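The values are calculated or read from the model by the stated rules, or taken from the named source; none is laboratory data. Just so it is clear, the model here is predicted, and its values are computed rather than measured. Using ideal geometry, Cβ is built from the backbone for each residue, glycine included, and neighbour counts are taken over all protein chains shown. To get the accessible areas, we keep the full protein, side chains included, count just its heavy atoms, and leave off ligands, DNA and RNA. Shrake-Rupley method; radii C 1.70, N 1.55, O 1.52, S 1.80 Å.
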Amino acid sequence: MKQLFFGTVLFLFGSIAKTQVTAQDGKTYRTVKVGNQTWMAENLDVSTYRNGDSIPQVQDPKLWSSLKAGAWCYYESKNDMGVIYGKLYNWYAVIDPRGLAPEGWHIPSDAEWTQFAGFLGGRVGTSGKIKSPRGWSGGGNGTNETNFSALPGGTRSVELFSFAGNYGYWWTSSEFDSYSAWNRFLSYNNNDVGRSTGWKQFGNSVRCIKGEVENNFKPAPTEITASIPDSSKGTAAVVNPGFNPDAVSFGDQTWMKQNLDIATFKNGDRIPEVISDSAWIKAGQLKQPAWCYYNNDSTNKKLGKLYNWFAVIDKRGLAPEGWHVPNE
């Protein structure tokens, strides 16, 4: 029985990686096989495309935020952070036709990351298998039984560097919309493989996967909306005292005629009201739900509350029973 189990582990996760791939700038990277996929076991750290063209290093935040072409930086523009975590690339570098990945490799799509999580046993409770056994804060290290060696390299938003030591973010090659693209993230405080979108100007780590480039596509948002009812019924929704909106039908859809104005989730948990700019930014950085009134003026109640997206997707439910927040 032990032999059979050991053989199964080797099939799914591969043996300790001793193979390497050499990138276009001459640097070599360890590789590892997980399921039927072969991945780099390190974050990418190249400064040229496959054809030899240079990828510009951009430190200035205003210039970074205005870019529509490939660029890279080190976390907080510190070279020693690059030694640990590799480079942070914007999404325009990821999809540049000159090729960010070395010959015979490509940047994984959203679907390939989903398949990768499947080899681990799903997105929930499995990231310890790919997290490095050191480097994660708060006791968030992993067993790294796959030898994938994921590190918390943080991210660069339009102007801020955030989360090194706590979170790692990796681009996929799949676009979400004209402004954003899919990524994957790991956290120090859980063992889930997170899936989210980020603006294309953000700076994230990159891992490469072996093989020809797969067709990029916008996956249907089934992973986000799977737990949401397919349709909404009723002519009025009783949400909480003082908010009982009228409804109107268009075709086979029934919509509320007012903007939502609730301060609790469906299960009764309170949604935090966040007033200051700094606290609102922090809630977003920590991926925590929040709401406010326009200009923090409660006389604007007729306009409803303004919610961040983390309130919208919270599993406790922002919409009342039998209703849901519409998908794209």
Legend entry - Residue count for region 35-88, restricted to those that are under 26 Å from residue 212 (Cα atoms), in contact with a Leu (Cβ under 9 Å, 6 or more places away or on another chain) and hydrophobic (A, V, I, L, M, F, W, C): 5
Inset, instruction - Looking for whichever is over 20 Å from residue 78 (Cβ atoms) and either in contact with a strand residue (DSSP E or B) (Cβ under 7 Å, 6 or more places away or on another chain) or at pLDDT below 95 (or both) here; the options are 183, 204. Which one fits? - result: 183
Inset, instruction - Would you mind telling me which numbered condition in (1) basic (Lys, Arg); (2) under 19 Å from residue 200 (Cβ atoms); (3) buried (at least 20 other Cβ atoms within 10 Å of the Cβ) residue 98 fails? - result: (3)
Legend entry - Index of the failed condition, residue 196 passing every other in (1) at pLDDT 95 or above; (2) farther than 21 Å from residue 61 by Cα; (3) in a strand (DSSP E or B): (1)
Inset, instruction - Check residue 99 against each of (1) in a helix (DSSP H, G or I); (2) closer than 19 Å to residue 45 by Cβ; (3) of a type in the set (Gly, Ala, Ser) and name the one condition it does not meet. - result: (1)
Inset, instruction - Give the number of residues within region 78-93 that are surrounded by fewer than 22 Cβ atoms within 10 Å (Cβ to Cβ) and not basic (Lys, Arg). - result: 7
Legend entry - From 315, 301, 257, residue being of a type in the set (D, E, K, R) and within 29 Å of residue 154 (Cα to Cα): 315
Inset, instruction - Those residues that are free of Cβ contacts under 8 Å to residues at least 40 places away in the same chain and not in a helix (DSSP H, G or I), I need them from region 296-325; list them, please. - result: 297, 306, 308
Inset, instruction - Give region 178-195 a look and list any residue that's without any contact (Cβ under 8 Å) to a residue 24 or more places away in the chain and either in contact with a helix residue (DSSP H, G or I) (Cβ under 9 Å, 6 or more places away or on another chain) or among the basic types (Lys, Arg) (or both), or say none. - result: 180, 183
Legend entry - Among residues of region 270-328, those that are of a type in the set (Ser, Thr, Tyr) and surrounded by 14 or more Cβ atoms within 10 Å (Cβ to Cβ), counted: 2
Legend entry - Search result, residues across region 155-207 that are open to solvent by less than 10 Å² (accessible area, probe 1.4 Å), among the charged types (D, E, K, R) and over 21 Å from residue 97 (Cβ atoms): 156, 184
Inset, instruction - Scan region 130-147 residue by residue and report those that are closer than 15 Å to residue 207 by Cβ and more than 18 Å from the chain's Cα centre (by Cα). - result: 132, 144, 146, 147
Inset, instruction - Take region 248-268 and flag every residue that is among the acidic types (Asp, Glu) and open to solvent by less than 60 Å² (accessible area, probe 1.4 Å). - result: 261
Inset, instruction - Please tell me if residue 245 is modelled with pLDDT of 85 or more, of a type outside the set (A, V, I, L, M, F, W, C) and open to solvent by less than 90 Å² (accessible area, probe 1.4 Å). - result: no
Legend entry - Candidate set: region 60-77, residues that are open to solvent by 40 Å² or more (accessible area, probe 1.4 Å) and not polar (S, T, N, Q); chosen: the one nearest to residue 153 (Cα to Cα): 76
